[in-house]
Structure formats: C-alpha cells, structure tokens
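Some notes on the structure that comes next.
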Amino acid sequence: MPELPEVETTRRGILPHLQGRRITGVVVREPRLRWPVPEDLGRRLLGQRIEAVQRRAKYLLVRLGAGTVLLHLGMSGSLRVVPARAPSQAHDHVDIVLAHDRALRLHDPRRFGALLWCGGDPLTHPLLRPLGPEPLNDSFDGDYLYARARGRRLAVKPFLMDSQVVAGVGNIYANEALFEAGIHPGRAAGRIARARYGRLARCIKRVLEAAIEQGGTTLRDFVREDGRPGYFRNELRVYARADRPCPRCARPLRGLVLGQRATVFCPRCQR
DNA sequence: ACGAAGCCCTGCAAGC
DNA sequence: TGCTTGCAGGGCTTCG
C-alpha cells in the first residue's frame with residue numbers, strides 16, 4: 001500500500017523517463033477509478049511536454065504546459081515505464097504514451113487510485129489545498145504537532161494519519177514511528193507533552209527517510225517503475241508483527257484496531 | 001469543530 | 001475441491 005515513501009520512490013523512478021518527453025498518446029482501458037478518468041484526457045495531453053514530476057502528500061503531479069495530471073495510487077496502485085506496445089495485463093487501466101516509444105502505465109487492482117486533470121494551480125485543487133505540511137519539511141516539527149494537538153481527544157495514531165495534520169503518513173509508518181518514539185498509539189493526542197512530540201516528529205522523519213532509501217515497503221502490490229519491489233519490509237519493527245516479540249524488550253507485541261486500522265504496539269515500551 | 005462511520009474495490013484467507 | 005463469506009485498507013464524504 002503506497003504511502004509517502006512508495007510514492008516518492010515512484011516519482012524518482014519515473015522522473016528520468018518522463019522529464020522533457022512529449023506525450024504522443026493516451027490509452028484508457030478502464031476509466032472507473034476512485035473518480036472517473038476525464039473523458040477528454042487524451043485531447044488535453046496529446047502533444048504536451050512533461051516539464052516536471054512532483055509530489056505533494058501521496059499525490060504525484062505531472063506538470064505539463066497546459067496543466068497538471070494528478071495521480072494517486074490508492075492502496076494497490078503502481079506506475080511502471082514499459083515499452084509503448086507492451087501487451088497489457090489485467091488492471092493496467094491507463095497508458096500515457098511518450099515520444100521515445102515508452103509508456104507510463106497505471107496498474108491498480110482495487111481501483112482506489114485516481115487520475116485527474118487540473119488546469120490551474122494544483123496546490124489550490126480541492127484535494128490538495130486542505131493538506132497539512134510535508135513531514136520531511138523543516139516546518140514540520142514537534143512544536144507544530146504539539147500546537148495542532150491542543151484540545152484533541154483523538155488517539156495519537158489516527159491523529160497522525162489525518163492528512164490535514166500532516167500529509168502522507170499512513171498506517172505502516174504511523175505504527176513504526178510511534179514505536180520508535182515510545183508512544184502508545186491509543187494515547188489521546190492532546191495528552192502528550194511537547195518534548196515527546198519533538199521526539200515523535202524526529203522519528204517520523206527518520207522512518208520515512210529510511211524507507212525512501214530502501215525503495216519503500218512492498219507488502220503485496222507495490223512495485224517500482226521497473227518492476228522491482230521495495231526493501232523496507234525487512235526493516236519494519238512492529239507493522240504486521242502482532243504477537244511476535246518486541247524488537248526492544250522481547251515481550252509479545254499487541255495488535256488492536258484504532259480508527260478502523262490495524263495497529264501494533266509494545267505495551268511495555270510504548271506509554 | 002470534532003470524531004466516528006460509511007463507502008469505493010479486489011484479492012486473499014478462512015470456513016463450510 | 002469449490003463455493004461463499006468476511007475483511008483489509010487510503011482517504012474522501014457524510015452523519016451525528
């Protein structure tokens with residue numbers, strides 16, 4: 001399930017294949033994604049040159065002269081760069097064909113992903129405007145989290161996963177960062193001291209950066225632009241490890257559901 | 001404003 | 001073995 005590190009890994013992987021290339025074709029095999037793929041996508045993209053590929057939260061922004069393609073991978077989506085006429089597999093929903101006979105191919109079995117067109121400033125798009133700061137930016141720190149948590153009774157884990165609080169932290173990395181910071185995922189967000197938020201912010205940054213370095217986490221669907229998986233799965237300390245020994249104290253990790261998401265933590269190390 | 005629940009969808013695992 | 005059922009999961013949307 002692509003979170004920020006997987007999307008950033010994808011961005012870095014596809015960038016050299018896309019930058020400066022002209023779009024020569026668009027193939028939509030299945031328009032029914034999270035929202036329908038725009039019917040006039042081909043007309044808008046044809047002949048456009050790709051100026052940049054950026055990321056905001058878990059969205060990829062493919063910048064063209066006339067506007068921006070917004071891409072979201074949902075939870076099972078992946079992007080690959082393939083030969084332009086490579087036969088399509090099941091769930092290969094959209095191809096953006098490029099001038100050098102390659103295609104950017106969106107594959108998404110569960111179709112929770114999205115491909116949208118934005119003619120204006122994408123950062124003011126309704127999906128992007130409400131997003132909180134990027135966790136890897138300097139503006140994101142413990143003081144910011146502490147300030148946002150004032151008066152909140154919500155558990156800290158769903159608080160972290162709220163994209164309006166901080167953008168791009170999903171279930172895997174929220175579990176990992178809270179373990180690293182020694183904070184119980186069920187603790188009310190407003191009942192955590194400023195200094196502990198400082199530590200948590202640093203742990204979030206460290207976990208995300210380490211995951212990007214490993215090419216992200218592959219649990220089932222995620223692959224990079226060339227089909228390779230990410231290797232951060234080997235580094236996961238608590239996620240999907242309920243009942244197995246805590247890597248720090250060796251007592252069994254405990255699983256529970258918090259905000260309708262699988263949560264794993266160590267009752268001894270996380271308070 | 002806040003928090004909780006619903007919904008979209010498919011693959012997989014468990015149960016019969 | 002083959003079918004049915006249940007569930008996970010990001011995040012927008014709706015409800016209370």
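Observations
- Chain A: proportion of alpha-carbon pairs further apart than 28 angstrom, %: 38 percent
- Computed from phi, the 3J(HN,Hα) profile of region A:171-180 under the Karplus parametrisation 6.51, -1.76, 1.60 (θ = phi - 60°) reads 5, 4, 7, 5, 4, 5, 5, 5, 5, 4 Hz, with x in place of Gly and Pro.
- Derived scalar couplings ³J(HN,Hα) [region A:183-200; Karplus, 6.51 cos²θ - 1.76 cosθ + 1.60; whole Hz; x for Gly, Pro]: 10, 5, x, x, 5, 4, 4, x, 10, 10, 5, 4, 5, 5, 5, x, 5, 4
- Computed over region A:142-265, the P(r) curve from all C-alpha pair distances, binned at 10 Å from the origin, holds 13, 43, 33, 9, 1 percent per bin.
- Among A:Asp226, A:Asp108, A:Asp92: highest mean-square fluctuation, GNM of chain A, C-alpha pairs under 10 Å: A:Asp226
- Chain A: relative contact order as a whole-number percent, Cα under 8 Å and 6+ apart: 19 percent
- About its Cα centre, chain A has a charge dipole of approximately 1020 debye under the convention of +1 per Lys or Arg Cβ and -1 per Asp or Glu Cβ, with nothing else charged.
- Global form of region A:4-124, assessed from the alpha-carbon gyration tensor, a/c cut-off 1.5: rounded
- Gyration tensor verdict on region A:45-100 (Cα atoms; rounded if a/c is under 1.5, prolate if a/b is larger than b/c, oblate otherwise): oblate
- Within chain A, helix-based [θ] at 222 nm, where runs of 4 or more DSSP H residues each add -39,500 (n - 2.57), nearest 500: -7000 deg cm²/dmol
- Taken about its Cα centre, region A:1-68 carries a charge dipole of about 140 debye when Lys and Arg each add +1 at the Cβ and Asp and Glu each add -1 at the Cβ.
- From phi via Karplus (6.51, -1.76, 1.60), per-residue ³J(HN,Hα) for region A:111-125 in Hz, x at Gly/Pro: 6, 8, x, 8, 9, 10, 9, 10, x, x, 6, x, 5, 9, 4
Computed from the coordinates by the stated procedures, all read-outs in this text should not be read as laboratory data. Keep in mind that this is a model prediction, so the values were computed, not measured. Note that we place each Cβ from the backbone using ideal geometry, even for glycine, and neighbour counts take in every protein chain shown.
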